[in-house]
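Taken together, the values in this text are just the output of simple stated rules run on the coordinates, not laboratory data. Worth saying up front: this structure is predicted, and the values here are computed from it rather than measured. Backbone-built Cβ (ideal geometry, glycine too); neighbour counts: all protein chains shown.
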Amino acid sequence: MALATIRPARIDAPPRICYENAPLRLTSNVIPRLLHPLGSTLPRWAAIAALCVASSGCPQPIAPPPEPEPEVIEEEDEFDERDEPDPAAPFDFRLVHMYPDDHEGRVRTCDLEFASERLDVAARHVGRYEDLRPSHRRTIRCGSGDVGIWVDLISKKENVETADQVEAGARIRGRVVKSEGGFSGYLIMELEEVVRVFPTPPFPDRLLAAVPAGFDFSRADEVVGAQRTCSIGYAGRIFPITGITRYPNGASHRMSISCEHARGAAWVDLLFREADQLRALTMTRGAILRVSVITGDSGEADHPIVVYERTL
């Protein structure tokens, strides 16, 4: 008859107890011999467990009952209504270009700076509007000045009376269909309602702005790696950067801007890091910014690539 041998599996686990010869009868003279080597090294529960399995051969390691695993509650990425813009206030439609997934399919408010005449949608153009099948469209501009965005506004036949109220100075609400793909590549929005019409001219004529001279970025290849100043004469549309390898890692958005200098203007492809992406909304005519020159000619339309650093 062999006595139990103790083989520790790991420091924080109870010892492994194995009986070389089985079965073992728990007689009065066996029990003290089992408890003697176990009692001084094992907790009471393990010593008792060793006696219980003594007659069943070589068991698996004895371990305390496993602790229940904590319940993992998966949080659903649901849209929080608190993130919605104020429906009574005009919306900055540049955000649709920056974050299309957050705004497509949602209703937004537009103050009209411009509205073309209502046009019938030809049968050959219906497909660009997917399954909506609008009967009419018009080109409008939401917002004013440098922050205005051109929109392809569509409406259905049953909504023609409302569509006839769309004119410059009106405040309308519409559902964003797509951030691009309309006529001239414009954002597509479906008319929901006309909130009100302002009888007075809504926006003043655009004023000329004196823009100080900055660096001539047609010489950008001479200063790659350095920082230079750009005086914005024109700022284009903001685009998210997705899967484009020409840009350095960490850039989240881009836009084409014109930088004024003493002899004219030069275009650059302006990038924004993720931490600075909302700065793109402040890029308007007359703004002066400091940029780092990345390349001399490999950006959009072979323009120099520069990265936003700070606004002066």
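Assorted remarks:
- Averaging over all projection directions, the Cα-based convex hull of the range 76-171 occupies 7.5 nm² in the image plane.
- Taking the Cα centre of the range 81-197 as origin and assigning +1 to Lys and Arg Cβ atoms and -1 to Asp and Glu Cβ atoms, the resulting dipole is close to 360 debye.
- Shown here: the range 144-190, whose C-alpha atoms stretch 31, 24, 16 Å along the first, second and third principal axes, sorted largest to smallest.
- Computed label-point distance, nm, for sites residue 192 and residue 133 using a 7 Å Cα→Cβ extension: 2.4 nm
- Computed extension length for residue 227-residue 156: 20.4 nm, one decimal, from 0.36 nm per residue of separation with the Cα-Cα distance subtracted.
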